[in-house]
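The values are calculated or read from the model by the stated rules, or taken from the named source; none is laboratory data. Small disclaimer: the values here were computed from a predicted structure and weren't measured. Every residue, glycine as well, gets a Cβ built from its backbone with ideal geometry; the counts of neighbours run over all protein chains shown.
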Amino acid sequence: MREGSLEAPTRHPIDWKNPKFFDEEDLFGELERVYDICHGCRRCVSLCNSFPTLFDLVDDNPTMEVEGVAKADYWKVVDQCFLCDLCYMTKCPYVPPHEWNVDFPHLMLRAKAVKFKKGEVTFRDKLLSSTDAVGKLASIPVVVEIVNKVNRTPATRKLMDDVLHIHKDRQLPEYDSAKFRSTAKPDASFPVKPGKQTPGKVAIFSTCYVNYNEPGIGHDLIRILKHNEIPHIVVEKENCCGMPKLELGDLDAVERLKNGNILVLAKLAKEGYAILTAVPSCTLMFKQELPLMFPDDADVQLVKDAMFDPFEYLVLRNRDGLLKTDFSKPLGKVSYHIPCHLRVQNMGQKTREMFELVPDTKVTVVERCSGHDGTWGVKSEYFDGSMKIGRPVFKAMAAPGPDYVSSDCAIAGRHIMQGIGETSAEKQHPLTLIRIAYGL
C-alpha cells in the first residue's frame, strides 16, 4: 500500500444512473470509509468547515474514532461542503489513481443527491438554486426596482432572515432590467483567424449572473473581442448551466438543463466556435461536471473541448500572436483573487498573465477560497462561517492598498469587498479592467 500519491489526479465518472448511488445504507458505508481516511490524514483541515466539523465529531466522542460518530451526524459534514473541489485537486494524497480512491467532493455530491431524493431540502434552497427562473422574474421592469429596494432595506432583510433564512447582513447582487442577452451587440463580421491553440471565432454563453445581474461584464467581453477583431456571437438559446442544481443535489434538474444547452452548444462546437463563459462555475460545469455525469454523451464531450474561460482564450490567443496588446491605460495596483472553480480547471493563472501584459500594473495574487460559494454564504446558518473562511483573503487583498479589487467570480468579489469594509479600492471584474486598460 502506497502512502499517498505523486501522480496527477484522475476522475472517475459519476455513476448517478446506478440505483445503488441513492442507497442510503451503501452511502453511509462509503462515508464511513472516506471519513476514516480523512481522520487519519487531516491535511485538509484549513480548507473549509467540512473537515473541522468531521474532526470535532471524531475527537469529541469517547472512541475518538469515526466508528464512534453517530450516523445522523454524518450529514453535518455534508452540509458544510459547497463543492469547491479544492481538497481533491490541491490537497488530498489519496485521490485516484491511488488505490484508496478518495473523491471527497463527489461523495458529498452523492450525499446531497440522496438528501434531495428524500425530500430533505427547503423551499429557500430550491428558490436560490433556480437562478434562471428568479432572474427572469426579478429583472422585469418595475419588478426589478421593487426587488432591489427590498434587498437594500434593513426591515425587509430582517424579514427575509426570519422567514427564508437568507442572512440579513449578506450584500446581495442587484438585478438589471437591461439584460445582457437582450442588449448585447455582438459582431460576427470580422474574418475568422484560427490560431494553433485557439479557434478564430467565439460564441458567448451569457450565464444567469451576467444576463440578469451584471450585464456589463458581458458587454466588456464583447468590447474586448471587437477590439481584437475576433468574430463573435451570443449563444442563440441557453438555460442555466446547472451548477446551482448540482450543489443542491437535484441531478435530474441538471440533466434537464443539460439537454437544452448541449443541443445548442454542440452545434456551435461542431461549427468551430470557442465557447466562452465569464463565470468560472459555469465553465467548470461544462468542462468537468457534465462530462463526468454523462461520459457516454459525445456531444457533451465536444462541448467540453470547445469551452474556454475568457482569459484562457485571450492568453492563448496572445501566444498564437493574434491578440492586440496596445494597452493605453495602466491599472496601478490590482489585488486579484483566483476563485476555487477557476483554480481547479488546471489551466494556470491566465487572468494574472493577462494583467501582466498591461504596463505599469502590479498584481497581487490571492490564491485561497473566499468562503462564499454560489448560495452557501447567503444562507443564515452559514454566513458567519463564510466570513470566517474569507478572513485571510480579505486581509491579503487589502494589504497592498490596491487601486482595484478583482475576482473572476463576481460574487466572490462582492463578498471580499464586504469583508474588507471601508476602502478606497474599486471593485471591478477582470474583463472590465482589461477593457479599461485597452482604453475602450
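Only residues that are among the aromatic types (Phe, Trp, Tyr) and either within 30 Å of ASN318 (Cα to Cα) or out of contact with any helix residue (DSSP H, G or I) (no Cβ under 6 Å at 6 or more places or on another chain) (or both): list them for region 339-382, please.
If the condition is that a residue be among the aromatic types (Phe, Trp, Tyr) and either within 30 Å of ASN318 (Cα to Cα) or out of contact with any helix residue (DSSP H, G or I) (no Cβ under 6 Å at 6 or more places or on another chain) (or both), then PHE355, TRP376 are the ones that fit.
Considering only residues that are surrounded by 19 or more Cβ atoms within 10 Å (Cβ to Cβ) and either touching a Ser or Thr at 6+ places or on another chain (Cβ under 7 Å) or part of a loop (DSSP other than H, G, I, E, B) (or both), which ones fall in region 81-101?
CYS81, PHE82, LEU83, CYS84, ASP85, CYS92, TYR94, VAL95, HIS98
Do any residues in region 36-54 that are in contact (Cβ under 8 Å) with a residue 24 or more places away in the chain and closer than 10 Å to GLN80 by Cα have Cβ atoms under 6 Å from those of residues that are buried (at least 18 other Cβ atoms within 10 Å of the Cβ) and among the polar types (S, T, N, Q), where the two are at least six apart or on different chains, and which pairs are they?
That search, which allows pairs on different chains as well, returns ASN49/GLN80; SER50/GLN80; THR53/GLN80.
Looking at region 39-60, which of the residues that are assigned to a loop (DSSP other than H, G, I, E, B) and not hydrophobic (A, V, I, L, M, F, W, C) is nearest to TYR382 (Cα to Cα)?
Checking each candidate, the answer is ASN49.
Among (1) surrounded by 13 or more Cβ atoms within 10 Å (Cβ to Cβ); (2) closer than 24 Å to LEU251 by Cβ, there is one condition GLY29 misses while meeting the rest; what is its number?
Every condition holds for GLY29 apart from (1).
Quick test of your reading of the structure: GLU247 fulfils all but one of (1) part of a loop (DSSP other than H, G, I, E, B); (2) at pLDDT below 95. Name the failing condition by number.
(1)
Restricting to region 177-191, and then to whatever is part of a loop (DSSP other than H, G, I, E, B) and free of Cβ contacts under 8 Å to residues at least 40 places away in the same chain, can you tell me which residue is surrounded by the most Cβ atoms within 10 Å (Cβ to Cβ)?
Among residues in region 177-191 that are part of a loop (DSSP other than H, G, I, E, B) and free of Cβ contacts under 8 Å to residues at least 40 places away in the same chain, the one surrounded by the most Cβ atoms within 10 Å (Cβ to Cβ) is SER177.
Which numbered condition in (1) free of Cβ contacts under 8 Å to residues at least 40 places away in the same chain; (2) over 23 Å from the mean Cα position of the chain (by Cα) is the only one that ILE222 fails?
ILE222 satisfies every listed condition except (2).
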